[in-house]
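Everything on this sheet refers to the single structure shown next.
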Ligand code: ARG
């Protein structure tokens with residue numbers, strides 16, 4: 001259920017009946033303060049202005065025309081024409097009951113879409129680093145949420161699996177296979193890449209061979225393709241280990257690397273040329289964009305084909321956009337990559353649209369994110385200044401979580417403890433990223449994430465187990481509770497309202513690709529539950545009240561668990 005949606009529809013109807021245009025936005029929002037009701041409609045002022053009416057009088061007309069029987073008890077006009085909406089207690093209780101009983105909270109999107117999510121997207125023969133971590137974690141939370149809302153989600157791992165570097169990588173793989181007859185050193189991809197580069201820079205015969213292999217690879221030579229495929233497979237196998245550890249839903253089936261688009265590129269470039277969009281410039285093919293200016297204030301040139309015939313990152317992204325619309329039949333495509341790629345994405349998509357490859361209705365979005373910084377405010381690096389490998393980062397998280405959990409006195413078995421440590425370690429790394437607005441840089445700080453204080457994974461996971469322990473300690477089966485939810489106390493009512501706002505939080509994530517909206521919601525829900533629990537004793541209450549409160553507790557636990565699951569964070573029953 002989506003209260004905001006229901007109220008928006010109703011108020012909008014009343015506004016139109018009062019003379020507003022049919023596309024008027026009632027601007028229904030959750031209220032910040034109880035005295036302003038549960039929700040506010042702020043659209044009356046703007047609409048009245050358009051109609052040349054007095055805003056308060058127009059607001060009164062809306063109230064006269066509004067049909068909120070059984071939904072709201074009271075509608076107030078405040079200030080210049082704000083409408084405060086006070087929801088009906090029984091209606092809230094009824095909907096809370098429904099949410100508890102319904103599978104998947106009875107949440108369904110009215111218009112499910114096909115949505116491509118381009119995320120993680122590491123590069124072949126390179127270790128995944130922390131920059132890919134953000135894309136992987138944020139993208140996966142958005143994937144899970146969009147799918148939960150009923151959309152058809154296509155995961156696209158846009159792996160960097162093509163380019164001139166493959167000549168040198170193939171030559172080096174060949175050398176290694178000849179010398180050691182094993183793939184041993186490939187376990188360290190970073191070192192492999194570096195060694196290949198060193199040979200390329202220092203050994204002319206090797207470099208010659210590498211250049212030769214690039215040409216062969218591009219012309220589809222069997223041997224080079226086999227070697228190339230080996231490199232891709234080994235890399236993706238490594239990455240899959242990271243995905244599994246991170247509890248990320250990507251599998252090897254989701255790889256849609258840059259090479260997938262190779263067959264489309266010559267045709268696209270020829271087409272851009274025939275449409276007069278791409279012109280020859282110093283031997284290369286360039287699209288000049290008036291919308292972007294270079295340093296001299298002239299239209300910026302975007303190269304789509306190099307002098308030597310090679311294609312570029314931009315050409316591939318034009319093809320990818322076209323493919324996602326034409327072949328995957330998507331309504332929407334989101335690319336999760338860092339903010340430094342913003343201009344690149346905008347340019348690729350502007351060219352895509354100018355060429356008419358996708359219609360206006362096809363939404364291309366770049367939910368970019370900031371950099372991951374160390375505590376010192378500088379880019380996150382190892383102590384010696386190298387890039388931090390994801391694997392090492394997760395190993396450290398495990399160690400630190402072990403320390404955190406061991407410091408608590410609990411009656412966990414060794415097996416239970418191991419599960420808690422793992423959930424807390426991975427959960428902390430993910431949640432600390434997900435809970436921040438992705439558009440800003442983010443400071444990675446172990447001490448702030450691995451703590452039970454504040455908006456952290458351990459706090460949220462503990463909030464969940466605390467509710468579960470109410471049921472466990474009293475040996476109560478939540479599914480066998482009789483009666484219904486009743487809302488008598490203000491704190492019961494407040495908790496019910498918060499619980500019924502789950503779908504609104506999910507829609508926030510879905511609309512803007514911003515998981516921090518869900519984190520913030522869950523954190524507030526945990527707080528609302530705590531105040532309820534303090535004010536309203538559960539187990540000592542008389543039977544009806546006790547069952548009603550247990551049901552509210554059960555719905556809170558169910559919501560926390562589902563919410564954390566959509567963020568890709570595990571819950572445990574005991575910690
Ligand atoms: N492989 C790229 C990188 O490591 C990210 C790809 C993002 N997706 C895209 N369609 N350009 O920076």
Fill in the blank from the handout: Mean separation of Cα contacts under 8 Å (at least 6 apart) over the residue count of the chain, i.e. the relative contact order in percent, is 15
Exercise for the section: Determine the shape class of region 372-530: with a ≥ b ≥ c the square roots of the Cα gyration tensor eigenvalues, call it rounded for a/c under 1.5, and otherwise prolate if a/b is greater than b/c, oblate otherwise. Expected result: oblate
Exercise for the section: On a 0 to 90° scale, report how tilted helix 457-473 is relative to the longest principal axis of the chain, with both axes built from alpha carbons and the result rounded to the nearest 10. Expected result: 50
Exercise for the section: Mind giving me the nanometre distance, one decimal, between the label points for residue 373 and residue 342, set 7 Å out from Cα along Cα→Cβ? Expected result: 1.6
Fill in the blank from the handout: Where a ≥ b ≥ c are root eigenvalues of the Cα gyration tensor, a/c under 1.5 meaning rounded, otherwise prolate if a/b exceeds b/c and oblate otherwise, region 102-182 counts as prolate
Fill in the blank from the handout: Within region 452-494, the residues whose backbone N lies under 19 Å from a label point placed 7 Å from the Cα of residue 103 along the Cα-to-Cβ direction are 479-480
Practice task
Assign one of three labels to the chain, namely rounded, prolate or oblate, based on the Cα gyration tensor with a ≥ b ≥ c the square roots of its eigenvalues; rounded applies when a/c is under 1.5, prolate when it is not and a/b is larger than b/c, and oblate otherwise.
Solution key: oblate
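Restricting to bridges with both residues inside region 51-164, how much of the DSSP beta-bridge set is antiparallel, in percent to the nearest 5?
Of those bridges, close to 50 percent are antiparallel.
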Problem - Segment residue 520-residue 409, length gained on full extension (0.36 nm per residue, minus Cα span) - result: 37.1 nm
Problem - the chain: angle of helix 543-566 to the longest principal axis, Cα-based, in degrees nearest 10 - result: 20
Problem - Rg/Rg_ref, region 164-254, where Rg_ref = 2.2 N^0.38 Å and atoms are Cα - result: 1.17
Practice task
Find the centroid of the Cα atoms in region 383-459 and in region 513-575, then give the distance between the two in whole Å.
Solution key: 22
Handout entry: Alpha-carbon centroid distance for the pair region 108-168 / region 1-37, whole angstrom
Key = 36
Exercise for the section: Report the antiparallel proportion of the DSSP beta bridges in the chain as a percent, rounded to a multiple of 5. Expected result: 60
Exercise for the section: Any chance you could check the Cα centroid distance between region 211-256 and region 308-368 for me, in angstrom? Expected result: 22
Handout entry: Inter-label distance for residue 174 and residue 215, nm, one decimal - labels placed 7 Å from Cα along Cα-to-Cβ
Key = 1.3
Practice task
Working from Cα positions, state the angle (0 to 90°, nearest 10) between the long axis of helix 3-17 and the longest principal axis of the chain.
Solution key: 70
Exercise for the section: Note down the relative contact order for region 74-214 as a percent, whole number, built from C-alpha pairs under 8 angstrom at least six residues apart. Expected result: 22
Practice task
As a check on your grasp of the helix formula, calculate [θ] at 222 nm for the chain: sum -39500 (n - 2.57) over DSSP H runs of n ≥ 4, divide by the residue count, round to the nearest 500.
Solution key: -17000 deg cm²/dmol
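Suppose we look only past 21 Å in the calculated P(r) of region 3-87. What percent of the Cα-Cα pairs does that tail hold?
Numbers: 579 of 3570 pairs.
Counting pairs separated by more than 21 Å, the tail of P(r) holds 16 percent.
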Practice task
Note down the nm distance, to one decimal, between modelled labels 7 Å out along Cα→Cβ at residue 543 and at residue 23.
Solution key: 5.9
Practice task
Once you have the Cα-Cα distance between residue 207 and residue 296, take 0.36 nm times their residue separation minus that, and quote the gain in nm to one decimal.
Solution key: 28.2 nm
Handout entry: Likely footprinting exposure, 424, 103, fewest C-beta neighbours within 10 Å first
Key = 103, 424
Handout entry: Length added when fully stretched, residue 230-residue 447, from 0.36 nm per residue minus Cα-Cα
Key = 74.1 nm
Handout entry: region 445-575, relative contact order [Cα under 8 Å, separation at least 6], %
Key = 37
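Laboratory data are not the source of any read-out in this text; all were calculated from the coordinates shown. What you see is a predicted model; the values in this text were computed from it and never measured. As a convention, Cβ positions derive from the backbone with ideal geometry for all residues, glycine included, and neighbour counts pool all protein chains shown.
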